[in-house]
Amino acid sequence: MAKEELQKKVDLAFLSAFYGGLLTENQRRVLSLHCEEDLSLGEIAEEVGISRQAVHETLSRAASRLTEMESKLGVAGRFRRMESGLEEALAALKNAEYNRAEILLSDLLALDQEETDGL
């Protein structure tokens, strides 16, 4: 499998963790079979009882919906920024870079407050 295709599946699965509840049951099932179980379109079609073309269309609609929700809400991106910042702060603490860790944590708190205020 091409690296780009694998990354696309990982990204869709990640977005699904945040916004999967906004998809239809059928979209969630098809997406799960595609991303998590790595089934081909033909295998998914057989499993779900729909055509290969319907699987492709369902995946496209699900991906569009997930991408749309992320562009509007930004929850997954916020999670990634917070996770990255916490990892950097932890590394700074392990290296006894206390001033840097304090700045990183302060930035994360400000980011959290800024995004909370925006809701």
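For K3, the aspartates and glutamates whose Cα comes closer than 19 Å to its Cα, not counting residues fewer than 8 places off in the same chain, are D11, E36, E37, D38.
Note on the chain: GNM, Cα springs under 10 Å; of T24, T58, T67, the largest mean-square fluctuation is that of T24.
Oblate is the label for the range 75-117, because a/c, from the alpha-carbon gyration tensor with a ≥ b ≥ c as root eigenvalues, is 1.5 or above and a/b does not exceed b/c. With contacts taken as Cα pairs under 8 Å and at least 6 residues apart, the chain reaches a relative contact order of 20 percent. The stretch between L90 and D38 holds 15.3 nm of extra length on full extension. This uses 0.36 nm per residue minus the Cα-Cα distance.
The label point for Q7 and the one for N26, both projected 7 Å from the Cα toward the Cβ, are 3.2 nm apart. Once the Cα-Cα distance is subtracted from the 0.36 nm per residue extended length, the S64 to S51 segment shows a gain of 2.7 nm. Within the chain, the longest segment free of exposed loop sites, counting GluC sites (Glu not before Pro) that fall outside DSSP classes H, G, I, E and B and have at most 16 other Cβ atoms within 10 Å, spans 38-96. Computed from Cα atoms, the angle from the helix 25-35 axis to the main principal axis of the chain rounds to 80 degrees.
Since every read-out is calculated from the coordinates, none of them should be taken as a lab result. On a predicted model such as this, the values are computed, not experimentally measured, just so you know. Every residue, glycine among them, receives a Cβ derived from its backbone with ideal geometry; neighbour counts consider all protein chains shown.
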